[in-house]
Amino acid sequence: MKILLTGGCGYKGNVLTPKLLKAGHQVRVLDTMWFGNDLHNHPQLEVIQQDVRMLNDDLFDSVDTIIHLASVANDPAGDLDPTLTWEIGALATMQLADKAVRHGVTQFIYSSSGSVYGLKDEKDVVETLPLVPLSEYNKTKMVAERALLSYADEMSVQIVRPATVCGLSPRMRLDVAVNMLTMQALTKGEITVLGGNQTRPNIHVEDITDLYMFLLENPEIKGVFNAGFENLTILEIAEMVCGFADASIKIRESNDPRSYRVNSDKLLKTGFRPKKTVESAIMEMCDAFKIGSLKNDERFHTVSWMKKTLIKS
Ligand SMILES: NC(=O)c1ccc[n+]([C@@H]2O[C@H](COP(=O)([O-])OP(=O)(O)OC[C@H]3O[C@@H](n4cnc5c(N)ncnc54)[C@H](O)[C@@H]3O)[C@@H](O)[C@H]2O)c1
């Protein structure tokens, strides 16, 4: 199949692209390369440095499926320039869907976010709960979902609401909880935990990318799916990290007491099963750091990197 993958040079995209190529697909990556390009050349891979807000018709040539990952990809990054966040997150997604239908694309896989639910009293967050997104980033995800669902009669629309992702990727993200705590332990010998009792769902980067592969192979599985399998407190994650890295834990007052558990039973009913764990993500990071293949690179810190290279205030 021919796949148009937006955001293919990002954290998830760098893990997903080799899986798509290995499965024999032809992959066209569209990415602004804000964090560089770590993808390896491959005869079936075309990498285009371009903004998803500027879509020319040629991009859709013979494309069967779109996997849409490009986005300003966390809350504080989304607050840096709300107009940019809305243009990319919501408007460009709508334009992508519109062009997809016009060019006969039959399948659209979208990475929304588990953060669309906002603050929930329910301890078990399922897909049918109302969405009350809080940040600009969360709001654009909700609006993009709704825009995409309005095209569901014309192509297979598969929307994933991932929990916080963890684990190794060539374009590492060190702003996400497990990865951030592990890097603190490895570089400072001390983990700072704010509060610590907040429960948050997690998913390994290998599992979320396996899920995109699973959906690609099963276009009949349509609709919206939570994807988060380990609901852990921040303190539990920090303690897990200390099992693999020589570090102590410092607890400070929290400015964010939110706790929620994502329920992914709907996804499990499709037959999909995660294979990895938070523990394996920590272990793999520690091993990679020891042999020097993982570094605390400044481009792995999304917000400070965007401030330095992209958004001048
Ligand atoms: N990593 C997580 O924990 C997580 C959790 C839930 C949802 N998501 C979503 O998954 C998707 C991928 O996230 P990620 O962790 O790989 O983030 P990332 O920041 O590593 O990757 C995003 C990629 O999109 C590219 N990009 C941004 N704006 C673009 C534009 N206008 N045109 C073309 N390319 C553009 C960036 O250059 C980057 O390579 C995002 O939509 C994110 O919101 C991520």
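The values are calculated or read from the model by the stated rules, or taken from the named source; none is laboratory data. Keep in mind the model is a prediction, meaning the values are calculated, not measured. Positions of Cβ are generated from backbone atoms using ideal geometry, with glycine treated the same way; all protein chains shown enter the neighbour counts.
Consider the range 180-218. How many of its residues are polar (S, T, N, Q), part of a strand (DSSP E or B) and touching a Ser or Thr at 6+ places or on another chain (Cβ under 7 Å)?
Taking the range 180-218 first, the residues polar (S, T, N, Q) are 182, 184, 187, 192, 197-199, 202, 209, 218.
Of the ones still in play, those that are also part of a strand (DSSP E or B) are 192, 199, 202.
Filter once more, so that each one left must be touching a Ser or Thr at 6+ places or on another chain (Cβ under 7 Å): 199, 202.
Number of matching residues: 2.
Got at least one residue in the range 238-254 being within 16 Å of the ligand (Cβ to nearest atom) and either at negative phi or crowded, with 19+ Cβ neighbours inside 10 Å (or both)? Even if it seems obvious, please write down each step before you answer.
Applying the first criterion (within 16 Å of the ligand (Cβ to nearest atom)) to the range 238-254 yields none.
No.
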(message) Quick check on the range 99-158: of everything there that is surrounded by fewer than 18 Cβ atoms within 10 Å (Cβ to Cβ) and of a type in the set (Asp, Glu), which residue is farthest from the ligand (Cβ to nearest atom)?
(response) 153
(request) Please identify the pairs in which a residue from the range 115-137 that is over 23 Å from residue 72 (Cα atoms) has its Cβ atom under 8 Å from the Cβ atom of a residue that is assigned to a strand (DSSP E or B) and modelled with pLDDT under 95, counting only partners at least 6 apart or on another chain. (result) 123/261; 124/261; 125/261; 125/262
(request) Having 3 or more residues that are farther than 25 Å from residue 140 by Cα is the bar; report the strands (runs of 3 or more DSSP E) wholly within the range 22-90 that clear it. (result) 45-49
(request) Search the range 56-76 for residues being within 12 Å of the ligand (Cβ to nearest atom) and either touching a Lys or Arg at 6+ places or on another chain (Cβ under 9 Å) or under 27 Å from residue 44 (Cβ atoms) (or both), and hand back the single one that is modelled with the lowest pLDDT. (result) 74
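Quick check, is residue 246 among the acidic types (Asp, Glu) and under 27 Å from residue 129 (Cα atoms)? Before the answer, list the steps.
Numbers: among the acidic types (Asp, Glu): yes; under 27 Å from residue 129 (Cα atoms): no.
In short, no.
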(request) Check 162, 201 and return the single one that is within 16 Å of the ligand (Cβ to nearest atom), under 24 Å from residue 128 (Cβ atoms), within 14 Å of the chain's Cα centre (by Cα) and modelled with pLDDT under 95. (result) 201
(request) Please work out which one of (1) under 28 Å from residue 268 (Cβ atoms); (2) out of contact with any Phe, Trp or Tyr (no Cβ under 8 Å at 6 or more places or on another chain) is the condition residue 189 fails and give its number. (result) (1)
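Take the conditions hydrophobic (A, V, I, L, M, F, W, C) and buried (at least 23 other Cβ atoms within 10 Å of the Cβ) and apply them to residue 177. Does it pass?
Numbers: hydrophobic (A, V, I, L, M, F, W, C): yes; buried (at least 23 other Cβ atoms within 10 Å of the Cβ): no.
Against the criterion (hydrophobic (A, V, I, L, M, F, W, C) and buried (at least 23 other Cβ atoms within 10 Å of the Cβ)), residue 177 does not qualify.
Can you confirm whether the range 122-130 contains a residue that is within 17 Å of the chain's Cα centre (by Cα), within 30 Å of residue 238 (Cβ to Cβ) and either of a type in the set (Asp, Glu) or part of a loop (DSSP other than H, G, I, E, B) (or both)? Even if it seems obvious, please write down each step before you answer.
Residues of the range 122-130 within 17 Å of the chain's Cα centre (by Cα): none.
The answer is no; no qualifying residue exists.
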(request) Kindly establish whether residue 16 is at negative phi, without any contact (Cβ under 8 Å) to a residue 60 or more places away in the chain and hydrophobic (A, V, I, L, M, F, W, C). (result) no
(request) Quick one: residue 290 ticks every box in (1) closer than 20 Å to residue 74 by Cα; (2) without any contact (Cβ under 8 Å) to a residue 12 or more places away in the chain except a single one, so which number is it? (result) (1)
(message) I need a count of the residues in the range 19-50 that are without any contact (Cβ under 8 Å) to a residue 40 or more places away in the chain and within 8 Å of the ligand (Cβ to nearest atom).
(response) 4
